[in-house]
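Chemist: My questions all concern the structure below.
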Amino acid sequence: MKIGFLFPGQGSQFVGMGKDLYEKYECFRNIYEKAKSLTGIDVAEISFEDSQNRLNQTKYTQICILVMSLGILEILKQNDIQASISAGLSLGEYSALIYSKVLNIEEGIKIVKNRGEYMQELAPKGEWSMTAIIGLDDESVETACSKVNDGFVVPVNYNCVGQVVISGEKKAVEEAGKIAKELGAKLVKPLNTSGPFHTEKLIESAEALKNDLEKINYNKFSSKVVKNIDGNLYNENDNFVEILTKHIISPVRFSKSIETMLNDGVDTFIEIGPGKTLSGFVKRMSKDKQVNILNISDVESLEKNINFIKEDKNE
């Protein structure tokens, strides 16, 4: 069994995520306490109760998803379950970099807190939206965006074969969605996000983050990590500051990331964090291969999959 970890990004959040894990596992709770101490943000309250309706605000969404993923990693670590390679969707790449020890957990939590704040507070004013186009190839989605004459819209997340997310001004995104349907899209689905992420419109956010990234010490990799910006593996000579700055304003090449993991021999994918979105992408991308696709988002799925992996190791 060759394991690859996958970490979700913004849009996968939901109120109550991680609550049962928090109640059962001390090591999981410890990560939430660490995050609160480092950032002043009560991640547990926002994730579990959200009494002030903050979970869907970018400056809270990102830190909440990250902390849940890191908490699950602690439980897996105690059960001696490790991956040789990992990838994350947008924000999720930080979870992968922390797992691989390139970023230590304290700096990782603080930088993601800042990243979420910059992406919300320094985003240009306006009505922005993101929409998933399902059932078209990449080129057709690019064509749909290019045919919009009034407003800004571009492809930003190449998630898997047959699914691309577009981002931009709300009216332009809606127009591109209509054109996509005319070109044969099966589904046009608005996403639960609040900004023109992975576009040039976030250049101010990227520059602010760059200043923080330049102050971080980057360590050697303990395991492989796949980059969002090109779907290839990081190497020791990569300029982390440049890559993670571009990360905010560049399209996510997640379909290529999955291909890289499959080509590396991964036969067991474990999605770690809220939702099952990435598991669905892998399923689409691995139809001709025999792979296990697991996800861990609560106590039931955690314990079920820990048992599955341990049984396989003992065979």
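Chemist: Just to confirm the filter: which trypsin sites (Lys or Arg not before Pro) across segment 217-259 are DSSP coil and have at most 15 other Cβ within 10 angstrom of their Cβ?
Modeler: K220
Chemist: Place +1 on the Cβ of every Lys and Arg and -1 on the Cβ of every Asp and Glu in segment 21-87, take the dipole about the Cα centre, and give the residue among L73, S51, L38 whose Cα lies farthest towards its positive end.
Modeler: Looking along the dipole axis, the top candidate is L38.
Chemist: What percent antiparallel are the DSSP beta bridges of the chain, to the nearest 5?
Modeler: The antiparallel proportion sits near 55 percent.
Chemist: Over the chain, what relative contact order in percent results from Cα pairs under 8 Å that are six or more residues apart?
Modeler: 23 percent
Chemist: Can you pull out the trypsin sites (Lys or Arg not before Pro) in segment 102-159 that DSSP calls coil and that have at most 10 other Cβ atoms within 10 Å? Spell out each step's value before the answer.
Modeler: Values: sites: K110, K113, R115, K125, K147; in loops: K125, K147.
Loop-located and lightly packed - K125.
Chemist: Lysines near K77 by alpha-carbon distance under 18 Å, same-chain residues fewer than 8 away left out - which ones?
Modeler: K2, K24, K34, K101, K224, K304, K310, K313
Chemist: GluC sites (Glu not before Pro) within segment 214-275: which are DSSP loop residues with at most 12 other Cβ atoms inside 10 Å?
Modeler: Working: sites: E214, E236, E242, E259, E271; in loops: E214, E236.
Those that pass, being in a loop and sparsely packed, are E214, E236.
Laboratory data are not the source of any read-out in this text; all were calculated from the coordinates shown. Being a predicted model, the structure only gives us computed values, none of them experimental. Cβ sites come from the backbone with ideal geometry, for glycine too, and all protein chains shown count toward neighbours.
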